[in-house]
1. Is there a pair in K64/K178; K64/K88; K88/K297; K72/K297 whose C-alpha atoms are over 23 Å apart, and which pairs would that be?
2. In nanometres, what is the gap between the two model label sites at T333 and S358, each 7 Å from Cα along Cα-to-Cβ?
3. Rounded, prolate or oblate: pick one for the stretch 318-391, where a ≥ b ≥ c are the square roots of the eigenvalues of its C-alpha gyration tensor, a/c under 1.5 means rounded, and failing that, prolate if a/b is larger than b/c, else oblate.
4. Can you compute 3J(HN,Hα) from phi for each residue in the stretch 89-106, using the Karplus curve 6.51 cos²θ - 1.76 cosθ + 1.60 with θ = phi - 60°, rounded to whole Hz and x for Gly and Pro?
5. If you consider only alpha-carbon coordinates, what radius of gyration and Dmax does the stretch 245-288 have, in Å?
6. How would you order 413-425, 315-327 from highest to lowest mean count of nearby Cβ atoms within 10 Å?
7. For the stretch 192-321, would you read off the P(r) tail past 27 Å as a percentage of all alpha carbon pairs?
8. Could you give the dipole magnitude of the stretch 287-390 about its Cα centre, charging the beta-carbon of Lys and Arg +1 and that of Asp and Glu -1, in debye to the nearest 20?
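A short reminder: the numbers here are calculations on the coordinates, not readings from a lab. Small disclaimer: the values here were computed from a predicted structure and weren't measured. Positions of Cβ are generated from backbone atoms using ideal geometry, with glycine treated the same way; all protein chains shown enter the neighbour counts.
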Amino acid sequence: MTAVSHIARHRRSGIVILCSIFAALSMLFVLPPDSAMAADAVDVCNPTSDNGCVNGILQDADKKAIPDVTVKLSGEEEAETKTDADGKWAFSVKDDGDYTVTIDESVAEEHGLQSSSATVTIKKASFDKQRCVVRFDQTNDSAASGSAGSGSTQSDSGGSGTDSGAATTKKSGSNIGKRIWQQLYSGIIFGLMLGLMSVGMNLVYGTTGLQSFSHGEQVTLGGLMAYVGTQMLHMPLVVSAIFAIVIGAVTGLIQNEIVWSPLRRRHVGTMQQMIVTIGLSMALQYTFQFFFGGDIKGIVKSVPDSFQLGPITTDAPTLISALIAILVIVGVTLFLYKTRLGRATRAVSDNSALAAASGINVDQVVRVVWVLACAMAALSGVLLGVYLNGISWNTGATLILLMFAAVTLGGLGTANGALIGSLVIGIVADMSSLVIPNDMRYASALAILIIVLLVRPQGIFGKQQRVG
């Protein structure tokens, strides 16, 4: 018995020693060797839920790339890299805080740059939507600007996926009034793009009674096709946008002819059709991920110059995208109210059986609506990709609930209602980020939706229907 207890004591001592050695070795890996964490210098940085991005293109006053220049990142994490042949550089950071990017002052003086450093702020709560772009060819007051990445991402703005906020250089005594105007402006821009998506979705619902969960993937398809056009086929952006719109319209026609028209002829209920759209949405999402990968695809690579419009900071692509969205929505409204086919579409939306009895070809109207809705979704994907500096495989999926909220808030089956609902959702979502965490901004928009539906269940412009 004594020998057994002696062996047991030695065994316990050995176990204690092994555990102590294992704990000591673990501490070597857990404890950082230095107080400053190390960021990663990468060729291309894509923001995710685990990392944010600080990147840019170093150019001289004539917009020519400056290669082989050392760029240093300091702050919560530190790193160093050199610009490539196109003047590009990028850092991937894992901690939130303020980061300062610097280049040698002699390089700034040699190339006529007005600044050799810039400071940006990374918020850990919005890593997957934050990409801080730094430029040294401007003064420190506007040296850095951030834009969202989906799908996400990236989201944006949306955002959804989509965030349309900007990360600017820190200035002492910042005016809260300017931030309010900036958020209001961002909300309007995001609302217009959301409206471009939602109007088409509402037209489909009005003519067929189908709420399509796969409409978000039509948005993603448009952005990815624009990426294919600009980055793989090397076409100009305008030509790539037209290419994406045509692809979107063709897919709308194919969907209707192969899937939805046969289901309608078989008198399959709208609930069953809606379940089909959920499956189609998942199939398209993972098809996009398989062919394009899970990272964010940039439609354009250049960094646009920002400028001031009163208290608002913006750039030319944002204004052009908003103008295009407005023109298309106005065009669709004129189509619905001023053309024979548009009036037929409204008649089918009001009562398809009565429209068919009056001689309207309902199938033809529905076919046109599917083509128009998917073309508009593809265009919105292009504009969103340009606005957010990228498109991801799940960008549309992150926006689909906001689309449903917009069309329900405005009134199901009403095109103008979808636009108003989208503007309300966009403005409330962006303005609410002034007082609540950024990742909760969509919750406030959905809360507005619930309140409105409690007061007016048919939505803002919807018609009250008698049941029973």
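1. Pairs exceeding the cut-off: K64/K178; K72/K297.
2. 2.3
3. Here the stretch 318-391 falls in the prolate category.
4. Karplus-based 3J(HN,Hα) across the stretch 89-106 equals 8, 7, 10, 10, 10, 10, 10, 7, x, 9, 10, 10, 9, 10, 10, 5, 4, 5 Hz.
5. Cα only, the stretch 245-288: 11.5, 31 Å (Rg, Dmax).
6. 413-425, 315-327
7. 32
8. Charge dipole, the stretch 287-390, about its Cα centre: 360 debye, nearest 20.
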